[in-house]
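Everything below concerns the one structure shown next.
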Amino acid sequence: MLEIKNLHASIDGKEILRGINLTVKPGEIHAIMGPNGSGKSTLASVLTGREGYEITQGSISFENHNLLELAPAERAQAGIFLAFQYPVEIPGVSNIYLLKAALNAVRKAHGLTELDAMDFLSLVKEKLNLVEMDQDFLYRAVNEGFSGGEKKRNEILQMAILEPKLAILDETDSGLDIDALKIVSHGVNALRSPDRSMIVITHYQRLLDYIIPDYVHVLSQGRIIKSGGRELAKELEAQGYGWITEKNTDTENKTQ
Amino acid sequence: MSQAALDTLISQEYKYGFVTDIEADTLPCGLNEDVIRLISAKKNEPEFMLNWRLQAFRHWLTMKEPHWSSTHYSPIDYQAISYYSAPKLKNRPKSLAEVDPKLLQTYEKLGIPLHEREILAGVAVDAVFDSVSVATSFKGKLAELGIIFCSFSEAVKEHPELIEKYLGTVVPHTDNFFASLNSAVFTDGSFVYIPKGVRCPMELSTYFRINAANTGQFERTLIIADEGSYVSYLEGCTAPMRDENQLHAAVVELIALDNAEIKYSTVQNWYPGDEEGRGGIFNFVTKRGLCRGIKSKISWTQVETGSAITWKYPSVILEGDYSVGEFYSVALTNHRQQADTGTKMVHIGKNTRSTIISKGIAAGHGQNAYRGLVKILKNATNARNYTQCDSLLMGEHCGAHTFPYIEVKNKTAQVEHEASTSKISADQLFYCQQRGISTEDAVSMIVNGFCKAVFRELPMEFAVEAQKLLGVSLEGSIG
Ligand SMILES: Nc1ncnc2c1ncn2[C@@H]1O[C@H](COP(=O)(O)OP(=O)(O)OP(=O)(O)O)[C@@H](O)[C@H]1O
Ligand SMILES: [Mg+2]
């Protein structure tokens, strides 16, 4: 589904991603952990085509297409969804308006007709229940005045409606209280399916108790320095990143 | 989003640039008393009208063109303008079938199919084409209610007593340079009278369109809402592409008597000039409403996307006790456009209230100024005003400026002012794009969201058009 090979990306001439390799197969969940500033959000931005990044080396293919050739909206239409670390507020644009415009844009790209108002509303209501959000949120401006946790839930609502093939969750758990964490995880798990993959970026092993990953990767200074199963997350929780990052620099030093 | 990308996005060609070739009956350039006499004679006006025009002209000669606004333009040569131009029509058409097919084509291109509009929207259209009205509809239905909705020239002939009584009572012929010029040379416009206790059952609408090249356009509109009546009036326009700058100096007077309400909505989309600002229309308008009666109400709602230069301050004089004035405005400037717009709310009566919501959007090298005056006179006990001015900047080369003036002569007054300036953010755009929405749709969505408080005030039909227009004005060619 997704194949990232030797990806190097920089901002303003500063190299942030320094040779990422990652393969995600349909239905898999990959967790990405790593210290602050290691490049996790940058990877998400590059995958979704945010402006300002220069890809200096490497390739990304998504369902056998060169992802780097697609504009951000086209990537979204192709089924890539990003639940943002910091969802932005859009004053005056109602949540339901954005949802409808998004869903219809994606449907249109697949040659489907726009959903009529009734069908759309019943779909939205069903998904609202999934993330236990009140209907009032539909008529408020996008993320405006939402609490941190509400913003994150709203991201999952959008994801549930758009039904992406590849969902990237960037620290969706941060800022959530325990109950909200359970609700959001439940929402995410409900969307698990053999043909939907996820990349879950998190700092906390706790999330991975609810959303159980197939693989855990550690990103440090723009590289995946360790990969493993879900038990890797537990080790990290207990010991921090020091032991691998040090080991990694050791090996680097030795090879030089 | 990069500056270059934003620049391409917001630079798009004017979609309505074409000139309809209708043989015009045009006066040679120049202005003197003879020209005014000729205009008056061509229109078969009664004596009082001619005298009023001449008075205005003589006063105008003593005035100087004002330059206090923040707009810049090369001097206007008033002798190089032709002051009269009319499409050749021997008899006024009684139905669309009698209307020049070319004119109908023009409306088609503008997306204003008159016939559909009449049926679907129940809108009576008094179309002003090159200063003379050529199509009118729904007259009969309105007439049954005693509503008068006709061209200004027709009103001068059919209802001279109303014209003589109200003309110039809100904007006197001495008011300002451009209003005096208009009073001297105006060729046509619209007239509305709503009788006592009548609620006008449909939106009254006029589409203006400037056509013959090098012709000054001087419209005059007068709307009177008698006691306890209500009317909603829509004014909208687009114009064809041309080279010379065109002066447009309209005057609109609104009068609301006891318990009457007038809602006046405008969508203005005149040719803004090319990317360098060449050839756009100069729009110097005087719009003023007088809340003469107790509990009367006047609302101005405007969406301004066109013209090279806009100089426009729809105002309300709150004379009657408990009267209400409102001003809702969206002004968009792109490329080299300059807009200096705002409002004046003059509180004279007791317990008068006014609300001002202004949304300025500047893109390209556009300059957008809000200039507002809230004036509370000595006897205006318990007057209240709320003003909110928000500016949205798109890109690095544009500017937004706010000049709020407040004069309070009564201690019981409450005046509130809020202002903000923001930039359309790359984060907002990317958020929408990441949800599959194209860049153009995303920009239009964000800008429309910014303008929501104003669009909410527009009649439904118009709101949809205004949103489209903003989309079109900002859409372009992002790579
Ligand atoms: N626009 C930018 N200009 C310069 N440096 C940037 C820019 N954006 C990100 N960076 C840098 O890139 C590095 C990676 O940032 P990124 O946001 O990807 O980290 P992260 O792994 O998501 O961290 P966190 O866990 O704190 O969210 C950081 O050092 C950051 O300062
Ligand atoms: Mg991050």
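Annotations for the structure displayed:
- What the phi angles of the range B:291-296 give under the Karplus curve with 6.51, -1.76 and 1.60, with θ = phi - 60°, is a coupling list of 7, 7, x, 5, 6, 7 Hz, glycine and proline written as x.
- In plain terms, the chain from A:I212 to A:Q239 could stretch by 7.7 nm, reckoned as 0.36 nm per residue minus the Cα-Cα distance.
- The range B:428-451 and the range B:318-395 have Cα centres lying 27 Å from one another.
- Spatially, the range A:24-80 and the range A:159-175 are offset by 14 Å when compared through their Cα centroids.
- Alpha carbon centroid spacing (whole Å) that separates the range A:102-155 from the range B:26-48: 62
- Placing one equal scatterer on every Cα of the range A:10-157 and applying the Debye formula, the log10 ratio I(q)/I(0) at q = 0.10, 0.11, 0.16, 0.20 Å⁻¹ is -0.44, -0.54, -1.08, -1.38.
- Of all beta bridges that DSSP places with both ends in the range A:93-242, some 60 percent have antiparallel geometry.
- By the count of other C-beta atoms within 10 Å, a proxy for reagent exposure, B:T286, B:T333, A:T172, B:T412 are ordered fewest to most as B:T412, B:T286, A:T172, B:T333.
- Note on A:D119 and B:E33: their simple-model spin labels are 7.5 nm apart, each label 7 Å out from Cα toward Cβ.
- With contacts taken as Cα pairs under 8 Å and at least 6 residues apart, chain A reaches a relative contact order of 27 percent.
- Footprinting exposure proxy ranking of B:C291, B:C389, fewest other C-beta atoms within 10 angstrom first, gives B:C389, B:C291.
- For the range A:48-91: Kirkwood Rh in Å [reciprocal of mean 1/r, alpha carbons]: 12.0
- A protection proxy built from the mean count of other Cβ atoms within 10 Å ranks the segments B:78-84, B:445-451, most packed first, as B:445-451, B:78-84.
- Placing +1 on the Cβ of every Lys and Arg and -1 on the Cβ of every Asp and Glu, with nothing else charged, gives chain A a dipole about its Cα centre of roughly 400 debye.
- Packing-based exposure ordering (other Cβ within 10 Å, fewest first) of B:D321, A:D214: A:D214, B:D321
- Packing-based ranking of B:346-354, A:103-111 yields B:346-354, A:103-111, ordered from highest to lowest mean Cβ neighbour count within 10 Å.
- A simple count of charges around B:F177, restricted to other residues whose Cβ falls under 10 Å of its Cβ and scoring Lys, Arg +1 and Asp, Glu -1, yields -1.
- The range B:298-367, relative contact order [Cα under 8 Å, separation at least 6], %: 38
- As a length-normalised measure over Cα pairs under 8 Å and 6 or more apart, the relative contact order of the range A:1-128 settles at 23 percent.
- Evaluated on chain A, the Kirkwood hydrodynamic radius is 19.1 Å, with distances taken between all distinct Cα atoms.
Any read-out appearing in this document is the output of simple, stated calculations on the displayed coordinates, not a laboratory observation. Only a predicted model underlies this, so the values are computations on that prediction, with no experimental measurement involved. No Cβ is skipped: glycine too gets one built from the backbone with ideal geometry, and neighbour counts run over all protein chains shown.
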